[in-house]
Amino acid sequence: MENYTATPSLGMGKALQMGISRLTDFSGRSRRSEFWYVMLVVLLLDIVLGMMLGAMPLVSAIVQSAVMFLGLSVTVRRLQDTGKNGMWVYASYVLGILSTVFTAVSGIQEKMTDMADDPNALARLFEHESGTMMTMGLLSALFMLSSFIVFIFCLMDGTPNANKYGESPKYVER
């Protein structure tokens, strides 16, 4: 670190411009500021579309999975900036899609919504749908674990020197 100087953080406009211009670029590295600004826009878009399509669970699941793709390349580049393999992101992405689509297709979401007023309904639902509930729980747990790992990696500072993914977008050698 002694031979490197950090360049100033990217502003929101520049970070979004860089992120959007590299939407399908899975090579290289991205700074934390680029990653967080792009993910803020992806999250807001996901929330708005989720609310708009809430009455159609399968359509909502498909659209939200597509929106997740908008943050995929910048997340891969963010992990590569820290020297980590982008496969962590792909695994988390696939688990998220599987979990979301399984929940929508299984019909369990509607059944859980319908039983909100009955305190014993959850026990009956689990009794009749135990395989579905266990599968949904396992997929959700794996997705949350992989997402947490990716999140921690995204918080880490990039390596100041060049790594196998390219030169540092933040640090310059003195």
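The values are calculated or read from the model by the stated rules, or taken from the named source; none is laboratory data. Predicted, not measured: the structure shown is a model, and the values here were computed from it. Don't worry about glycine lacking a Cβ; one is built from the backbone with ideal geometry, like all the others, and counts go over all protein chains shown. SASA here: full protein model, heavy atoms, side chains in, ligands and nucleic acids out. Shrake-Rupley method; radii C 1.70, N 1.55, O 1.52, S 1.80 Å.
Each residue, GLU2 and ILE20, gets one label point 7 Å from its Cα in the Cβ direction; the gap between the two is 4.4 nm. If the cut-off is 15 Å between C-alpha atoms, which aspartates and glutamates fall inside it for LYS84, apart from same-chain ones fewer than 8 positions away? Filter leaves ASP157, GLU167. The length gained by stretching the chain between MET134 and LEU40 to full extension, at 0.36 nm per residue less their Cα-Cα distance, is 30.7 nm.
Can you give me the accessible area per residue for the chain, using a 1.4 Å probe, in Å²? Display every interim value, and only then the final one.
Values: 10050 Å² over 174 residues.
On a per-residue basis, the chain sits at 58 Å².
Expressed in nm to one decimal, what extension gain is obtained for the pair ALA121 and MET56 from 0.36 nm per residue of sequence separation less their Cα-Cα distance? If you can, show how the numbers build up before the last one.
Working: separation 65, 0.36 × 65 = 23.40 nm, distance 2.32 nm.
Extra length from ALA121 to MET56 when fully extended: 21.1 nm.
Working from label points 7 Å from Cα in the Cα-to-Cβ sense, the LEU98 to LYS164 distance is 2.5 nm. Computed over the chain, the per-residue total of -39500 (n - 2.57) for DSSP H runs of n ≥ 4 gives a 222 nm mean residue ellipticity of -21500 deg cm²/dmol, rounded to 500.
Contact order normalised by length for segment 1-91, with contacts defined as Cα pairs under 8 Å and 6 or more residues apart; what percent is it? List each step's numbers first, then the result.
Details: 86 pairs, mean separation 30.0, N = 91.
Once normalised by length, the contact order is 33 percent.
Considering only the other residues whose Cβ falls under 9 Å of the Cβ of ALA15, what net charge follows from Lys and Arg at +1 and Asp and Glu at -1?
Values: positive: LYS14, ARG31; negative: GLU34.
Residues close to ALA15 contribute a combined charge of +1.
Cβ under 15 Å from SER168's Cβ, SER168 left aside: what net charge do those residues give with Lys, Arg +1 and Asp, Glu -1? It works out to a net charge of +3.
In this rough spin-label picture, where each label sits 7 Å from Cα along the Cβ direction, the VAL172-PHE148 distance is 4.0 nm. Cross-link partners of LYS14 among aspartates and glutamates, defined as those whose alpha carbon lies under 15 angstrom from its own and excluding same-chain residues fewer than eight positions apart: GLU34. Just to confirm a number: summing +1 for Lys and Arg and -1 for Asp and Glu over residues other than SER30 whose beta-carbon lies under 14 angstrom from that of SER30, what do you get? Value of the local net charge: +4.
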